[in-house]
Amino acid sequence: MRTLIEEFVLEPGTGKALELRKGQILRLEQIEGGQCLDFNCFNLDDYKEFFHCGRTRTLHGIHPTRGDFLWSAPPRERAMMYILADTAGANDVMFPRCSANLYESVYGYDAHTNCQDIQAEAQREYGLTPDDVHDSFNLFMCTGVDENGRTYITRQVSKPGDHVELLALMDVLAVPNICGADVMRTSNFAIRPAKVQIFAASDEDFAAVPPLRSWRTQRTVADFKVKAIRTERKLARDPDYRPEFVNTPIDYEAIEIALDAEELALLGRLARREQYGDRDGEALRDIVFSWWEETRPIG
Amino acid sequence: MAETTVTIHLNQQQKDLLDRTVAAGVAPDRIALIRLALRRYGELHAEKG
Ligand SMILES: [Zn+2]
């Protein structure tokens, strides 16, 4: 059984920073329907680890939904939250948050509700600056890519009662806000309230989360050469800096491969000539690593 | 059987992946693995009849 911890209505034009402990669920629900919400989250113990659209998009595509995770940015790359429910199935990780400049430059507003400023105002409760707002997980936002590769936003499909549930997999500062767009189609030309609930997850909720592997490359501050967070705004060169790039220099070794007639014929058939011309060595290298990628013989 | 030599240039990271694949028992050595990869890739992408 889930236990309700907190419930409130998020009013138009506002957002709220919420401390969510590992094992708690944030449920965001449509009241009237048709309302886009933007969402940011941070590791509560280290705000420099935060939800990353790019990492999430790479693993789950441009419309993350039930069964997907919210991942933190490289070099952390940990699952921060898990999408337990998504009844509208219209979320986006392509578009950046809307901003005051958008409403000024396109519509001429001196002031207009916008996700950047609403997020910044909500995050200010925890001492974060406007620069700490990052690209959001856009909930209840219908987007796509057209045949020319251009991204677009279209009208909302969500109905009253539609909801997204996010299970915290670590302690997070979760920041939902009502998208400020009322002169764009994102929320069908209105700004409406939304219902927010926090629950303690049930055993059934935990059981829904697929097992996660941990990796050495999910870095922590202990792995960093620079551990302290800068406070000076101006950048200055470290005179003692010596580059320590990994695995450098990159050195190529020429390796002779004797191919029999059958293998040579195979190379002739498989070689990507449009890519490599008559450079058989490069064509063979492509085949070897393409085979590896496609079959993953180890690991 | 007639043999032809092809020269493949591999960097240390590429060799590392192949050598770990060899160590896992996929092929007896790096060169055998490269030849195996070619044959297996040929099977995966067989000519359509
Ligand atoms: Zn917005």
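The values are calculated or read from the model by the stated rules, or taken from the named source; none is laboratory data. The model shown is predicted, which means the values in this text are computed figures rather than measured ones. Note that each Cβ is placed from the backbone with ideal geometry, even for glycine, and that neighbours are counted across all protein chains shown. Areas reflect the complete protein model, heavy atoms only, side chains present, ligands, DNA and RNA absent. Shrake-Rupley method; radii C 1.70, N 1.55, O 1.52, S 1.80 Å.
Some points to look at:
- The stretch A:252-277 and the stretch B:16-49: distance between their alpha carbon centers, rounded to Å: 13 Å
- Rounded if a/c under 1.5, otherwise prolate or oblate - the stretch A:1-128, Cα gyration tensor axes: rounded
- Between the beta carbons of residue A:3 and residue A:230, assuming R0 = 35 Å, the FRET efficiency works out to 0.25 to the nearest 0.05.
- Accessible area in square angstrom per residue, chain A, 1.4 angstrom probe: 54 Å²
- Per-q log10 I(q)/I(0), the stretch A:179-220, q = 0.19, 0.20, 0.25, 0.35 Å⁻¹ (Debye; single scatterer per alpha-carbon; no solvent): -0.74, -0.74, -0.87, -1.11
- You can think of it this way: the chain between residue A:154 and residue A:104 has 15.9 nm of extra reach, that is 0.36 nm per residue less the Cα-Cα gap.
- Fully extending the segment from residue A:65 to residue A:207 would add 49.4 nm, taking 0.36 nm per residue of separation and subtracting the current Cα-Cα distance.
- Rough spin-label spacing in nm, given labels placed 7 Å along Cα→Cβ, for residue B:16 and residue A:241: 2.4 nm
- Globularity index of the stretch A:163-254 is 1.88 (Cα radius of gyration / 2.2 N^0.38 Å, N = number of residues).
- The three principal axes of the C-alpha atoms in chain B carry coordinate ranges of 38, 24, 20 Å, sorted with the longest axis first.
- Euclidean distance of C-alpha centroids, the stretch A:146-221 and the stretch A:81-133, integer Å: 13 Å
- Approximating the spin labels as points 7 Å out from Cα along Cα→Cβ, the residue A:223-to-residue A:298 distance works out to 2.1 nm.
- Spatial extent of the stretch A:1-40: Rg and Dmax, with the Cα atoms as the point set, Å: 11.6, 33
- Taking only alpha carbon atoms, chain A gives an Rg to Rh ratio of 1.08, where Rh is the Kirkwood radius.
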